Amino acid sequence: MTQNPAPRTAQRTIAIELSTMRSGSTLLKALMSAAPDISSLPEVNFTKYQSANALEKIHALCDERIIVLKRPAWFHDASRYPKLPNVPETRHLILTRDVHTNVASLRKMVFRKIEPYLPKGPIDRWLANYWSKSYDSLLSRFPDDGAKNFWVRYEDLVNDPIHWTEKIFAFLGSEHTEGVDSYPPPQDYEWKWGSDDGGEKIQSLKVQANPIPQSSLDILERVKNIPRVAATRRKLGYK
């Protein structure tokens with residue numbers, strides 16, 4: 001929370017953070033919260049704000065002028081993701097992550113301790129299909145225009161966080177203009193599995209280098225020639 005909260009009547013910006021699960025969305029949200037005028041909220045299911053007073057309810061979530069709502073695509077709604085809240089205008093931050101590292105992280109999230117013992121091919125294809133459905137839906141609805149929609153790749157964000165957060169702050173109209181590579185911990189909640197990322201890296205409060213293990217490269221070999229996956233990767237600029 002800021003020390004000088006924005007008046008309820010002030011012009012406020014609602015930014016919707018869109019991505020697949022396990023794409024780095026908690027990291028992106030945390031980096032944005034380094035700006036004093038951008039919210040630090042736990043994951044919010046923004047799809048539920050459909051009533052006539054949805055705008056008032058969203059404004060009540062925090063005092064910061066720029067409100068960031070994060071809720072990745074879930075397995076069951078990937079092909080029609082997202083259902084946006086019933087508010088007059090929103091800005092959209094779309095975070096992408098290449099299929100193989102995303103699938104590797106999804107495998108661990110879904111199957112946890114038994115993940116190493118499960119068959120590779122069928123599970124990788126299922127998760128890669130979820131990945132493609134999610135980003136195909138986003139590509140069809142949110143063109144990268146830099147005005148209402150801003151696309152950023154997780155790989156670029158981790159490689160040069162100061163550059164990309166500077167561009168994101170400008171897109172959101174934040175008064176904080178300098179990019180960052182670290183972020184504060186949440187004040188009124190904790191990062192935890194099932195909503196935000198609860199791992200060790202996010203707890204470090206700084207962007208961490210993310211080398212790609214051979215196991216993830218093996219996943220890429222198994223899924224890169226699936227027609228839909230290959231097409232989505234091309235659209236997203238992944239080679």
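The table below lists the values:
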| read-out | value |
| --- | --- |
| Residues of the stretch 214-229 classified as surrounded by 15 or more Cβ atoms within 10 Å (Cβ to Cβ) and in a helix (DSSP H, G or I), total | 6 |
| Residue tally, condition under 27 Å from Asp156 (Cβ atoms), open to solvent by 70 Å² or more (accessible area, probe 1.4 Å) and more than 15 Å from the chain's Cα centre (by Cα), over the stretch 91-124 | 1 |
| Residue in the stretch 48-63 that is closer than 25 Å to Leu157 by Cα and crowded, with 17+ Cβ neighbours inside 10 Å present | no |
| Some residue of the stretch 22-31 being more than 19 Å from Glu166 (Cβ to Cβ), in contact with a helix residue (DSSP H, G or I) (Cβ under 8 Å, 6 or more places away or on another chain) and among the charged types (D, E, K, R) | yes |
| Every residue from the stretch 195-213 that is open to solvent by 90 Å² or more (accessible area, probe 1.4 Å) and part of a helix (DSSP H, G or I) | Glu200, Lys201, Gln203 |
| Meets criteria (exposed (fewer than 13 other Cβ atoms within 10 Å of the Cβ) and either closer than 28 Å to His59 by Cα or touching a residue at least 40 places away in the same chain (Cβ under 8 Å) (or both)) for Asp145 | yes |
| Hey, Ala15 surrounded by 20 or more Cβ atoms within 10 Å (Cβ to Cβ), in contact (Cβ under 8 Å) with a residue 40 or more places away in the chain, touching a Lys or Arg at 6+ places or on another chain (Cβ under 7 Å) and not polar (S, T, N, Q) or not | yes |
| Selected residue (criterion: nearest to Ser40 (Cα to Cα)) from residues of the stretch 179-194 that are open to solvent by 40 Å² or more (accessible area, probe 1.4 Å) and either touching a His at 6+ places or on another chain (Cβ under 8 Å) or among the small types (Gly, Ala, Ser) (or both) | Ser182 |
| Verdict on Glu190 being farther than 25 Å from Lys235 by Cα and out of contact with any Lys or Arg (no Cβ under 8 Å at 6 or more places or on another chain) | yes |
| Test: residue in the stretch 174-184 that is closer than 18 Å to Lys29 by Cβ and of a type in the set (D, E, K, R) | yes |
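The values are calculated or read from the model by the stated rules, or taken from the named source; none is laboratory data. Here the structure is a predicted model, which means the values were calculated and not measured. Note that each Cβ is placed from the backbone with ideal geometry, even for glycine, and that neighbours are counted across all protein chains shown. Heavy atoms of the whole protein, side chains included, go into the accessibility calculation; ligands, DNA and RNA do not. Shrake-Rupley method; radii C 1.70, N 1.55, O 1.52, S 1.80 Å.
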